[in-house]
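The values are calculated or read from the model by the stated rules, or taken from the named source; none is laboratory data. What you see is a predicted model, and the numbers here were worked out from it, not measured in a lab. Glycine also receives a Cβ, built like all others from the backbone with ideal geometry; neighbour counts cover every protein chain displayed. Only protein heavy atoms, including side chains, enter the accessible area calculation; ligands, DNA and RNA are left aside. Shrake-Rupley method; radii C 1.70, N 1.55, O 1.52, S 1.80 Å.
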Amino acid sequence: MLLRLVAVTDDQVLAGRDIVASCQAAVRGGATAIQLRLKHSTARELALLARALLATTTVPLFLNDRLDVALAVAAAGAHLGPGDLVLPLARRVAPPGFILGASVGSVHEAPSAMLADYWGVGPFRTTATKSDAGAPLGIHGLADVIAVSAGRPCIAIGGVRPEDVSLVLRAGGAGVAVVSGILGVDDVEGAARRYAGQFGG
């Protein structure tokens, strides 16, 4: 449930928009978590935004890349990519109950992500919001990664459309993470509701 529908922020997608208001709209539409990913913001800017989100939304907040900021603001967790702080060190400094996510782009990246609590698997489709994303995995590539996850929740990310949700769930995925499909449209709440509605009861 926690990772069913994760709304992920992005500098370019949200350029000129109120990030907090956009995330609030996503939560109203059914987002079950927020991942604050802003590559060009300072630690102070991230902390201010994170505290505003924690004060005004009711879902867990994850910080992308910045374990230090996530710990400083008492966020629910942090999401780390292959080039970020290595998981063994992150696990040592994270308090009990703090959730660590890892990006996994192929079965070959899986061994280095075994200390994470969940995996963000992708890109599912071609995506314009992450320039260093690899080749699209598609449903079969996603299923291959899920098969080596040792039971960890896996969420698909990267170009995920509402109609993909059922495919992801059938492949064994726990949910989806969405950037432009939710936060890149005018009606953020409505977009989130279209994704949330694909999960059924």
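Observations
- Gaussian network model of the chain, springs between alpha carbon atoms under 10 Å - residue of Val185, Val104, Val168 with greatest fluctuation: Val185
- Residues His79, His140, sorted by accessible area with the largest first, give His140, His79 [1.4 Å probe; ligands and nucleic acids excluded].
- The label point for Gln12 and the one for Val86, both projected 7 Å from the Cα toward the Cβ, are 3.2 nm apart.
- Neighbourhood net charge (10 Å Cβ-Cβ; Lys/Arg +1, Asp/Glu -1) for Gly29: +1
- Note on Leu2 and Ala135: the extension gain reaches 45.1 nm, defined as 0.36 nm multiplied by sequence separation minus the Cα-Cα distance.
- Per-residue [θ]222 nm for the chain (sum of -39500 (n - 2.57) over DSSP H runs n ≥ 4, rounded to 500): -9000 deg cm²/dmol
- Gain on full stretching of the segment that runs from Val93 to Asp187 - 0.36 nm per residue minus C-alpha separation: 29.9 nm
- Net charge, Glu163 excluded, C-beta distance under 14 Å - Lys, Arg +1, Asp, Glu -1: +3
- Over the chain, the alpha carbon radius of gyration divided by the compact-protein estimate 2.2 N^0.38 Å works out to 0.93.
- Of all DSSP-defined beta bridges confined to the chain, some 0% are antiparallel rather than parallel.
- Per residue accessible area in Å² of the range 108-198, where ligands, DNA and RNA are left out and the probe is 1.4 Å: 46
- 3J(HN,Hα) along the range 64-78: 7, 6, 9, 4, 4, 5, 4, 5, 5, 9, 6, 6, 5, x, 9 Hz, from the Karplus curve 6.51 cos²θ - 1.76 cosθ + 1.60 with θ = phi - 60°, whole Hz, x for Gly and Pro.
- Rounded to the nearest 20 debye, the dipole size of the chain about its Cα centre is 300 debye, using +1 on the Cβ of Lys and Arg and -1 on the Cβ of Asp and Glu.
- Within the accessible area of the chain (1.4 Å probe), percent carbon and sulfur: 55
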